[in-house]
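The values are calculated or read from the model by the stated rules, or taken from the named source; none is laboratory data. Computed from a prediction, not measured in an experiment: that's the story for all the values here. Please note: Cβ atoms are built from the backbone with ideal geometry, for glycine as well, and neighbour counts cover all protein chains shown. Calculation scope for accessible area: heavy atoms of the full protein, side chains included, ligands and nucleic acids excluded. Shrake-Rupley method; radii C 1.70, N 1.55, O 1.52, S 1.80 Å.
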Amino acid sequence: GPLTPSELATLRDLDADKQISILLNLGVLSRHPSDDGAFLLGVPGMGPIIKAITAGRKELLRVVARKQYKEMPESQILGVSLPSSSKKRSASGASKEAKQGVKLRGSQLSTSFHLRDLLGKGWLQRMNTASGVMIKAAKD
């Protein structure tokens, strides 16, 4: 279970091997499979979150890559309509994707989270154009 403040204080007084042993038992550290002297830091219960992030990344990258020129309007990804063109879009029968934004089935995290993640990683790029902000797949 979790350490109490007094247990944490006594942990500081223990030798390194005992500290490592306690952290291994808590699941916070694990031994590196290829190096006996190395450890991996882990956070118990992070598996589903990592899986959702990975799935959302793949899905959003796939959506952008399928578009012509591997780019699409940011407003279409997020499902926000631009004030100046909202009447034109609704009259022309905008696609479901444009009205609702990209719905990611493989992740419970928001599309905006994944968009910011991929922009931060450099896998997608934001470009200002005359018609608005475009999101483009980065070149390999």
Name the single residue that is modelled with the highest pLDDT among those in the range 4-32 being farther than 30 Å from Gln108 by Cβ and in a loop (DSSP other than H, G, I, E, B). His32
Mind listing just one residue for me: the one in the range 33-52 that is more than 30 Å from Arg105 (Cα to Cα) and not hydroxyl-bearing (Ser, Thr, Tyr) and, of those, surrounded by the most Cβ atoms within 10 Å (Cβ to Cβ)? Phe39
Looking at the range 10-26, which of its residues are within 12 Å of Phe39 (Cβ to Cβ) and either surrounded by 11 or more Cβ atoms within 10 Å (Cβ to Cβ) or in contact with a helix residue (DSSP H, G or I) (Cβ under 6 Å, 6 or more places away or on another chain) (or both)? Gln19, Ile20, Ser21, Leu23, Leu24
Filter result (in a loop (DSSP other than H, G, I, E, B), open to solvent by 40 Å² or more (accessible area, probe 1.4 Å) and either aliphatic (A, V, I, L, M) or modelled with pLDDT under 85 (or both)) within the range 93-140: Gly93, Ser95, Leu109, Ala130, Lys139, Asp140
Filter pass, Leu61 being at pLDDT below 75 and closer than 20 Å to Lys136 by Cα: no
Within the range 69-80, does at least one residue satisfy the condition of being modelled with pLDDT of 85 or more, aromatic (Phe, Trp, Tyr) and exposed (fewer than 12 other Cβ atoms within 10 Å of the Cβ)? yes
